Amino acid sequence: MNVRFIDAALLASVSQDAAARPRLRANFNFHPSDDFPAHRLLNAIEPGSWLPPHRHLDPAKDETIIVLAGALGVVIFGADGEIVSTRHLTAGGDCCGVDIPYGTWHTVLALVPGTVIFEAKSGPYRPLSVEELAPWAPGEGAPESAAYGAVLRGLFADT
């Protein structure tokens, strides 16, 4: 048995890893393989990075996120890309997590350096399908993605 504690050193390590990567994101997986039935991971996200708006169509893929360090912006969208709600999640704050039902369009973005979340959902890992990626948002690396990311960050300018 390999017990792993989630401590300040681990959070700092995965956060440093994210800051050094071009996408400004890094995972630390607790599950042993992509085909494992339960996925539990740390996801470090630095400001300037955001996950492309997406949804999970598999009814077993509800997603739970808890902020362990830093602050995260969560955006929930309607089917046509309209913003339904936003929420600022903060480690140790009034709201530190979210449970997102499958089929819900969403994205997350780091609001401060050193943001690390704990994420849980069912496996196995499968890349998002075309039907799960938002057709109304630019893909990662697309020329217009920087402007879209700025719009997302602007939703949390007052927080």
Under the rule rounded for a/c under 1.5, else prolate if a/b exceeds b/c, else oblate, using alpha carbon gyration tensor axes a ≥ b ≥ c, the range 106-159 is classed as oblate
Residue span Asn27 to Glu131: 0.36 nm per residue of separation minus Cα-Cα distance leaves a gain in nm of 35.0 nm
tail above 18 Å in the computed P(r) of the chain, as % of all Cα-Cα pairs, reads 59 percent
For the range 6-17, in residue order, the Karplus 3J(HN,Hα) values (coefficients 6.51, -1.76, 1.60; θ = phi - 60°; whole Hz; Gly and Pro = x) are 9, 10, 4, 5, 5, 4, 5, 5, 5, 5, 4, 4
Given 44-53, 16-25, 97-106, 122-131, the highest-first ranking by average Cβ count within 10 Å works out to 44-53, 97-106, 16-25, 122-131
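Every number in this text was worked out from the coordinates using simple rules, so none of it is lab data. Since we're looking at a predicted model, the values are computed, not measured. No Cβ is skipped: glycine too gets one built from the backbone with ideal geometry, and neighbour counts run over all protein chains shown.
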